[in-house]
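A.B. asks: Take this structure, written in structure tokens, and hold onto it; I'll ask about it next.
The values are calculated or read from the model by the stated rules, or taken from the named source; none is laboratory data. Everything numeric here is computed off the predicted structure, so don't read it as measured data. Using ideal geometry, Cβ is built from the backbone for each residue, glycine included, and neighbour counts are taken over all protein chains shown. SASA here: full protein model, heavy atoms, side chains in, ligands and nucleic acids out. Shrake-Rupley method; radii C 1.70, N 1.55, O 1.52, S 1.80 Å.
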Amino acid sequence: MSRILKGRWALVTGSSRGIGQQIALGLARHGANVVVHGRTEKNTDSTRQLLAPMDVEVRTVYGTFDTESGSQDVVHQTLSQIPRIDILYGNHGVQNDWKDVFDITHKEWADIFQINFFSMVTLCNGLLPQMIENGFGRVVLTTSGIPDIPQLTPYGCTKKSIDKYVFDMSAQLRNTGVTIHSMDPGWLRTDLGGPNGMFPVEAVLPGALVPVITDVLESGSVFCAQNYRGL
Ligand SMILES: NC(=O)c1ccc[n+]([C@@H]2O[C@H](COP(=O)([O-])OP(=O)(O)OC[C@H]3O[C@@H](n4cnc5c(N)ncnc54)[C@H](OP(=O)(O)O)[C@@H]3O)[C@@H](O)[C@H]2O)c1
């Protein structure tokens, strides 16, 4: 049986396009109000247009996760509009430039860890205490099942860090009503996934919603959205 999300508010980072846009639409179909995020306000236009005919409320936050202060600003924009966020999808992400692993600079490693991982910690630090206080929260961070590709090791390491963070945080969140999961979307045809991805971007649904609309997955676990195709 799926949970009704009517009246719940969800922040979906990186929902201006790609996987995050699909998640925003999926949540709205289940009745959730959505805070859309992109690097600029303009970038959120297409998602807001897609959500407009749906019977939900929509807000926008924008900015990059390239710095700690930028990440905190997205949290502040969110809380100043919607004091109670019930659902967080930390979904934004970038891949590092393709190059020999020995040529990847310290700065490139640090930059991708800031965008893909440290920003998730900032989002969780900003939004989870209130979920705990409210006794309800659903947190899903987007990981990757990327195999051993040395040229993309920084990207892969940020995703494995997310998995470990989620696992450890699930212990912190035990008995609070707040759950946390890592979601591997599968290889999808998006700007990041490229044209050779195995599945169209729409195939991230309904799987990506499973830990939010059901309680079948143990908190702290990594799951693959593609395992729920045709649900
Ligand atoms: N596609 C795949 O096959 C695949 C596989 C495994 C995991 N993933 C993960 O799924 C997530 C979404 O990927 P996608 O394929 O949908 O990518 P995408 O189409 O390239 O979309 C990326 C999203 O992240 C936002 N973003 C990019 N850089 C940002 C930054 N520096 N600060 C803040 N936001 C930023 C973008 O905002 P703008 O539109 O404003 O640029 C956009 O909304 C990522 O975490 C990715 O690692 C994807």
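A.B. asks: Taking the Cα centre of the chain as origin, work out the dipole magnitude from +1 charges on Lys and Arg Cβ and -1 charges on Asp and Glu Cβ, in debye rounded to 20.
C.D. replies: So the magnitude is around 620 debye.
A.B. asks: What value in Å³ per residue do you get for the convex hull of the alpha-carbon atoms in the chain?
C.D. replies: Per-residue hull volume (Cα only) is 119 Å³.
A.B. asks: Counting other Cβ atoms within 10 Å of each Cβ, which chymotrypsin sites (Phe, Trp or Tyr not before Pro) in the stretch 163-226 have at most 14 and sit in a DSSP loop?
C.D. replies: none
A.B. asks: Could you report the chain's accessible area per residue, 1.4 Å probe, as an integer in Å²?
C.D. replies: 47
A.B. asks: Students often forget the sequence filter, so: which aspartates and glutamates lie under 13 Å Cα-Cα from Lys107 once same-chain residues fewer than 8 apart are removed?
C.D. replies: Leaving aside aspartates and glutamates fewer than 8 places away in the same chain, those within reach of Lys107 are Asp66, Asp97.
A.B. asks: For the stretch 157-196, which trypsin sites (Lys or Arg not before Pro) pass both filters: DSSP loop (anything but H, G, I, E, B) and at most 13 other C-beta atoms within 10 Å?
C.D. replies: Within the stretch 157-196, the qualifying trypsin sites (Lys or Arg not before Pro) (loop, at most 13 other Cβ atoms within 10 Å) are Arg174.
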